[in-house]
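The values are calculated or read from the model by the stated rules, or taken from the named source; none is laboratory data. Here the structure is a predicted model, which means the values were calculated and not measured. Reconstructed Cβ throughout: ideal geometry from the backbone, glycine too, with neighbour counts over all protein chains shown.
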């Protein structure tokens, strides 16, 4: 999950994490679980390199989140963009699929993320 540390996710973040856990998908909030003793970007990049999927909340147009999103795109990691209802979609993201969520209804977002993740995990090539 990519989102700013100061993000207003709260219950929404917890609900998405629980839905993925219930589906048997390991969840990590990139950055929040990084080893801050070393170079911060190196730790985040290492997590993104091994990630099978990325969910990025672009609601706050945070430069760190956008950098991490660009890194995930460069790795060609399947990425789902989500945007809190009422927030403006960044111009550069127009034309991309973005799931707009209502923070008052975290179950809708959690269900969509869970289904998206399950579909993407199901079509991934087996590790050799």
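Descriptive notes on the structure:
- Checked against (1) in contact (Cβ under 8 Å) with a residue 40 or more places away in the chain; (2) within 23 Å of residue 23 (Cα to Cα); (3) surrounded by fewer than 18 Cβ atoms within 10 Å (Cβ to Cβ), residue 53 meets all criteria but (3).
- Just one of the listed residues (90, 103) is touching a helix residue (DSSP H, G or I) at 6+ places or on another chain (Cβ under 9 Å) and under 22 Å from residue 18 (Cβ atoms), and it is 103.
- Boolean, residue 57 is under 17 Å from residue 14 (Cα atoms) and modelled with pLDDT under 90: yes
- Checklist (1) surrounded by 14 or more Cβ atoms within 10 Å (Cβ to Cβ); (2) modelled with pLDDT of 90 or more; (3) assigned to a helix (DSSP H, G or I) applied to residue 89, failing item: (3)
- Taking the criterion of being part of a helix (DSSP H, G or I) and in contact (Cβ under 8 Å) with a residue 24 or more places away in the chain, the residues of the stretch 56-65 that qualify are 64, 65.
- Cross-chain or 6+ apart pairs with Cβ under 8 Å, the stretch 11-39 first and at positive phi and crowded, with 18+ Cβ neighbours inside 10 Å, then assigned to a loop (DSSP other than H, G, I, E, B) and modelled with pLDDT under 80: 31/5
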